[in-house]
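**Student:** The structure is given below, and queries will be raised subsequently.
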Amino acid sequence: MTIKKVIDFCLHFLLPNVCVICGKDTDDVYACVCRDCLTGIERIEGLSCAICSQPLPDGGAHCWQCKKASFHFEKIVAVGKYSGILRDLILKFKEMDCLKYSLGDLLLEIVEKNIGVQGFDLLVAVPLSKKREFSRGYNQSNLMAEVIGKKLNKPVVKNNLIRIRDTKPQFKLSRNERILNLKDAFRIKSPEAFKKKNIVIVDDVTTTCTTFEECARQLKNSGAGKIYCAALARD
Ligand SMILES: [Zn+2]
Ligand SMILES: [Zn+2]
């Protein structure tokens with residue numbers, strides 16, 4: 001942890017309802033980001049790929065990647081691009097679990113609008129490695145899945161889709177390296193829990209869709225129905 005991170009953490013501990021982005025009072029003990037900053041998030045609106053949510057300023061139904069690839073999931077829904085306030089919030093979420101309420105609500109809104117409450121039966125989070133989850137104390141995707149599950153009355157299945165080996169950080173790799181990096185990184189302990197279920201997989205950021213695809217492939221192999229993916233940001 002850098003000194004700035006320690007100071008941020010202590011400040012938040014002393015002043016829990018202060019916005020982690022602008023420092024203003026949030027007027028809500030559960031929120032650690034204010035309304036103005038949430039409104040300032042640049043949403044993915046208008047033209048975007050029907051499968052992966054990549055913005056397509058020039059129009060068209062699919063991006064070049066989805067035109068030639070096929071996936072085990074139906075589509076990815078995302079709140080915004082991985083930039084600006086949303087990026088800052090996602091980075092802070094790795095240290096401040098209090099962001100789960102505001103960020104979980106943002107994702108909930110997108111899931112309701114673009115997948116629909118009737119469209120799925122349960123939620124799972126993209127698992128972290130045991131080592132990373134232990135050092136962080138939580139899996140932020142799991143926390144968001146819990147917020148959504150609680151509000152929509154859907155179960156969150158935990159510790160069933162698991163990461164069986166540590167993988168290199170994806171952002172350093174090319175697309176082909178990413179696919180190889182994740183190959184057989186996940187396993188399902190009890191396939192029965194996913195059989196014939198329509199599932200939403202939750203993650204914080206998606207870059208090349210390879211993590212979602214690898215999780216979706218495992219779920220489909222377990223006999224799952226339709227798979228949808230929900231991320232805060234589409235990088
Ligand atoms: Zn703010
Ligand atoms: Zn696409």
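**Student:** I'd like to check something: does segment 228-235 contain any residue that is more than 20 Å from Val77 (Cβ to Cβ) and buried (at least 19 other Cβ atoms within 10 Å of the Cβ)?
**Tutor:** So far as segment 228-235 goes, no, none of its residues is more than 20 Å from Val77 (Cβ to Cβ) and buried (at least 19 other Cβ atoms within 10 Å of the Cβ).
**Student:** Can I ask one more? Restricting the search to segment 56-80, which residues are free of Cβ contacts under 8 Å to residues at least 40 places away in the same chain and either hydroxyl-bearing (Ser, Thr, Tyr) or not in a loop (DSSP other than H, G, I, E, B) (or both)?
**Tutor:** Hits for segment 56-80 are Trp64, Cys66, Lys67, Lys68, Ser70.
**Student:** Would you mind finding the one in Phe13, Phe71 that is modelled with pLDDT of 95 or more and more than 16 Å from ligand 1 (Cβ to nearest atom)?
**Tutor:** Checking each option against the conditions leaves just Phe71.
**Student:** Also: Let me confirm something: among Asp204, Asp184, which residue is under 14 Å from the mean Cα position of the chain (by Cα) and either part of a strand (DSSP E or B) or exposed (fewer than 13 other Cβ atoms within 10 Å of the Cβ) (or both)?
**Tutor:** After ruling out the rest, the residue left standing is Asp204.
**Student:** Additional query: Which of (1) open to solvent by 20 Å² or more (accessible area, probe 1.4 Å); (2) more than 28 Å from Leu219 (Cβ to Cβ) is the odd one out, the single condition Cys34 does not satisfy?
**Tutor:** Condition (1) is where Cys34 drops out.
**Student:** Here's a follow-up. Name the one entry in Ser53, Ser135 that is open to solvent by 70 Å² or more (accessible area, probe 1.4 Å), among the small types (Gly, Ala, Ser), away from ligand 1 (no atom under 16 Å from the Cβ) and assigned by TED's automatic domain parsing to the domain that holds Gly225.
**Tutor:** Checking each option against the conditions leaves just Ser135.
**Student:** Scanning for something within 16 Å of ligand 2 (Cβ to nearest atom) and not small (Gly, Ala, Ser), does segment 112-123 turn up at least one residue?
**Tutor:** Within segment 112-123, one or more residues are within 16 Å of ligand 2 (Cβ to nearest atom) and not small (Gly, Ala, Ser).
**Student:** So, in segment 74-85, exactly how many residues are within 16 Å of ligand 2 (Cβ to nearest atom) and either open to solvent by 40 Å² or more (accessible area, probe 1.4 Å) or at pLDDT below 95 (or both)?
**Tutor:** Here the count works out to 4.
**Student:** Scan segment 143-154 and tell me whether some residue there is out of contact with any Ser or Thr (no Cβ under 9 Å at 6 or more places or on another chain), closer than 14 Å to Ser102 by Cα, in contact (Cβ under 8 Å) with a residue 40 or more places away in the chain and surrounded by fewer than 16 Cβ atoms within 10 Å (Cβ to Cβ).
**Tutor:** The answer is yes; a qualifying residue exists.
**Student:** Another question, then. Residues being more than 19 Å from Ile201 (Cα to Cα) and either within 11 Å of the chain's Cα centre (by Cα) or open to solvent by 50 Å² or more (accessible area, probe 1.4 Å) (or both): count how many of those fall in segment 86-107.
**Tutor:** Residues in segment 86-107 being more than 19 Å from Ile201 (Cα to Cα) and either within 11 Å of the chain's Cα centre (by Cα) or open to solvent by 50 Å² or more (accessible area, probe 1.4 Å) (or both): 5 in total.
**Student:** Taking segment 105-136 as the region of interest, how many residues are of a type in the set (Phe, Trp, Tyr) and modelled with pLDDT under 95?
**Tutor:** The number of residues fulfilling the criteria is 1.
The values are calculated or read from the model by the stated rules, or taken from the named source; none is laboratory data. Everything numeric here is computed off the predicted structure, so don't read it as measured data. Every residue, glycine among them, receives a Cβ derived from its backbone with ideal geometry; neighbour counts consider all protein chains shown. Only protein heavy atoms, including side chains, enter the accessible area calculation; ligands, DNA and RNA are left aside. Shrake-Rupley method; radii C 1.70, N 1.55, O 1.52, S 1.80 Å.
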